[in-house]
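J.: Below is a structure I'd like to ask you about.
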């Protein structure tokens with residue numbers, strides 16, 4: 001890493017720490033969890049523009065417009081498929097005024113980056129939504145179908161650049177699993193990782209990559225404008241309002257759900273955990289959140305903490321197995 005990038009990352013981490021301090025009340029004097037109704041920081045462990053970021057800002061909007069939380073703040077801390085944000089959250093042990101977006105991507109990031117902290121080290125609050133990824137190519141790409149892309153990919157596995165989110169995340173899992181399904185050695189995949197959907201889109205539009213994996217809702221506007229083409233969807237069945245064939249419809253046995261949820265710092269009081277759970281439960285019932293589900297084409301898979309906790313454990317094992325089998329990590 002260059003000295004400039006190292007300094008930038010250090011400055012970013014410092015800025016996040018300052019934001020936490022400014023947005024929060026003293027955790028030691030706020031053990032009843034009541035402060036979560038006044039000020040709450042939503043940590044987004046990815047760059048602006050991606051699914052986690054969109055999720056957090058939709059939560060923020062719904063909380064604020066319905067007086068669930070008086071002053072919700074969103075702070076971005078990208079890096080390591082969410083593991084940098086995870087480490088930051090774990091270090092805030094006992095802080096009751098912070099929640100963080102998490103999901104499939106972070107579970108993979110923990111494995112690939114051999115991260116010291118795991119999602120199970122946090123306090124699970126709720127699972128929220130699930131969406132589906134798609135394979136995209138530029139609008140003027142010669143590839144008009146998944147078969148076209150696969151044919152070219154087979155001829156030059158290393159020469160075909162596939163973009164997406166961080167290595168170990170959902171996008172990279174899909175890219176490597178797709179390669180394996182169509183007879184390409186997963187270890188030969190030329191995968192180009194980016195910090196989030198906000199970086200993947202310009203890479204596609206500038207032809208820096210030949211194809212990319214990303215959330216369909218993130219790039220839907222570009223597809224409708226003709227700037228991108230969507231070749232396949234990871235859903236288990238056709239989705240209403242999305243005119244894109246699934247992998248399964250194209251005889252490729254590939255289905256990878258991409259879920260998101262929220263967790264809190266470890267070591268918080270039971271009162272605070274309950275209060276944060278109530279905040280999320282109230283927020284997901286608001287008209288603004290229901291509208292967000294429809295606009296972003298998210299599937300509601302809400303689970304409270306008692307259901308979300310065992311789900312994280314089972315998903316961690318599943319994602320680890322997928323990553324190891326696909327050759328992304330040992």
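J.: Modelled with pLDDT under 95, crowded, with 18+ Cβ neighbours inside 10 Å and out of contact with any helix residue (DSSP H, G or I) (no Cβ under 7 Å at 6 or more places or on another chain) - does that describe any residue in the range 239-262?
T.: no
J.: Any idea how many residues of the range 153-181 are over 16 Å from residue 204 (Cα atoms), in contact (Cβ under 8 Å) with a residue 12 or more places away in the chain and surrounded by fewer than 20 Cβ atoms within 10 Å (Cβ to Cβ)?
T.: Result for the range 153-181: 5.
J.: So which residues in the range 126-140 are surrounded by fewer than 24 Cβ atoms within 10 Å (Cβ to Cβ) and either modelled with pLDDT under 95 or within 21 Å of residue 281 (Cα to Cα) (or both), if there are any at all?
T.: 126, 129, 130, 132 - these are the residues of the range 126-140 that are surrounded by fewer than 24 Cβ atoms within 10 Å (Cβ to Cβ) and either modelled with pLDDT under 95 or within 21 Å of residue 281 (Cα to Cα) (or both).
J.: Mind listing whichever residues of the range 47-56 are touching a helix residue (DSSP H, G or I) at 6+ places or on another chain (Cβ under 9 Å) and closer than 16 Å to residue 98 by Cα?
T.: Once the filter is applied, which keeps residues that are touching a helix residue (DSSP H, G or I) at 6+ places or on another chain (Cβ under 9 Å) and closer than 16 Å to residue 98 by Cα, the range 47-56 yields 52, 53, 55.
J.: If we scan the range 25-37, do we find a residue that is surrounded by 13 or more Cβ atoms within 10 Å (Cβ to Cβ), within 22 Å of residue 165 (Cβ to Cβ) and at pLDDT 50 or above?
T.: Within the range 25-37 (the criterion being surrounded by 13 or more Cβ atoms within 10 Å (Cβ to Cβ), within 22 Å of residue 165 (Cβ to Cβ) and at pLDDT 50 or above), the answer is no, since none of the residues qualifies.
J.: Quick check on the range 280-303. Is at least one of its residues touching a helix residue (DSSP H, G or I) at 6+ places or on another chain (Cβ under 8 Å), closer than 30 Å to residue 184 by Cα and surrounded by 15 or more Cβ atoms within 10 Å (Cβ to Cβ)?
T.: no
J.: Still on this structure, please answer the following. Any idea which residue in the range 58-98 is surrounded by the fewest Cβ atoms within 10 Å (Cβ to Cβ), counting only those that are in contact with a helix residue (DSSP H, G or I) (Cβ under 8 Å, 6 or more places away or on another chain) and at positive phi?
T.: 94
J.: Follow-up question, since we're still on this one. Within the range 263-279, work out how many residues are more than 14 Å from residue 59 (Cα to Cα) and either surrounded by fewer than 18 Cβ atoms within 10 Å (Cβ to Cβ) or over 18 Å from the mean Cα position of the chain (by Cα) (or both).
T.: 11
J.: Those residues that are surrounded by 17 or more Cβ atoms within 10 Å (Cβ to Cβ) and either in contact with a strand residue (DSSP E or B) (Cβ under 8 Å, 6 or more places away or on another chain) or part of a strand (DSSP E or B) (or both), I need them from the range 206-222; list them, please.
T.: 209, 210, 211, 212, 213, 214, 215, 216, 217, 219, 222, listed by residue number.
The values are calculated or read from the model by the stated rules, or taken from the named source; none is laboratory data. Because the structure is predicted, anything quoted here is derived from the model rather than measured. Note: ideal-geometry Cβ built from the backbone for every residue, glycine included; neighbour counts use all protein chains shown.
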